[in-house]
Amino acid sequence: MEGSSNKRRACIMSLRTMTTACLCLVVWLPASYGALLAGPVDSFYEVGTNVRVPCQAMDSGGIGVTIYTWTYNNSLALPTWFSACSPPSNGDHCISLAQTSYTGYFGCRAESQGAVLGQERGLIQFIEPVIFATKPSDLTVHIGQTATFSCSVNTQVGSAATVSWWFRPLSFTPEPVTLGISVTMAANGDLTFSNVQEYQVGLYYCTATSPASRENVTARLLIFGADKPILNSPTKTVMQSAGSTLTVNCVTTGVPRAVIVTWYKDSAGCSCVTQVLGSPPRINILRNNSLQITTLQQDDEGKYFCQARNTLGTSVSAKTTLELTGTSGTGNGNGGGTGGDSSGITCKYHGV
């Protein structure tokens, strides 16, 4: 550093004397400094994919050209399948249609004016895609019987792939299968139910996960006689006086049992919640899923029906039409009548 300072001072003095020594200004530029922003890291990719391996640096000195040097398995002699991307972008290199044999250590160093800005080295592995050796099929059994879904992956990915099971319940969001005494998973991925119950009916996902990919196959577990809910309710019209109480039943049968029951008034886009303004609430859905409206008023007139859902589907009941007698002046001030007017009821989604 001392020598550099002396030469800079000598150069300045030479400028004052107008000698050719001023050429030293070109030689003694400020040193470059910076950092490597992105480089190769340990990672997995699926065979057959195109891969961009990044190497990008920032030269904070703002002078000079950044030079990128790549190595493959510690050698400067790069294979033909690993070259600068087109169009070029910083020091990024690309691989087309990767093969398992390309697995190795990739290193990149960035320099500017002889100063190393940074370097990174990572193990990049290319593995075969997940391929199922066996896939589950739909099963229909009796309650209490044993059922087994077969699911395993190919040996090419071996220990790199793991199998897990998911179940899609009524919420339609898959959740992990809970393993225990009656539900077990073998080492190869097979899932066994030793005592099938109706709550286990539904769609199952066998998920195979490797470091580079994730694949799913599905199958249904059914029991004999299983179907979406059955609603045996005939269409009818109910005549009641204003101020009385209306109770409409929603009786469901079938296997598996209905888990969600929703009541609607006039259209499928609007369901009756259990409470409206006032205390106590005037509209309720009872524990047996019946709809009860007390102190009937003109705005309550309309068509009511329930919707029942289980893991196999949804059913809708026939409509019950409510008509009031002696309704003069009994509205709530929000308008009245039928034909889709549900202003007397607060309408939102409601599940019991």
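What the table shows:
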quantity	calculated
Amide H contacts under 5 Å for Ile260, placed H, 5+ residues apart	Arg309
Residues with amide H under 5 Å from that of Ala242, placed H, sequence gap 5 or more	Thr325
Relative contact order of the range 78-234, defined on C-alpha pairs under 8 angstrom at six or more residues apart (%)	20
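The numbers here are math on the coordinates, done by the rules we state, and not lab data. Bear in mind that the values here come from a model prediction, so they are computed numbers and not experimental data.
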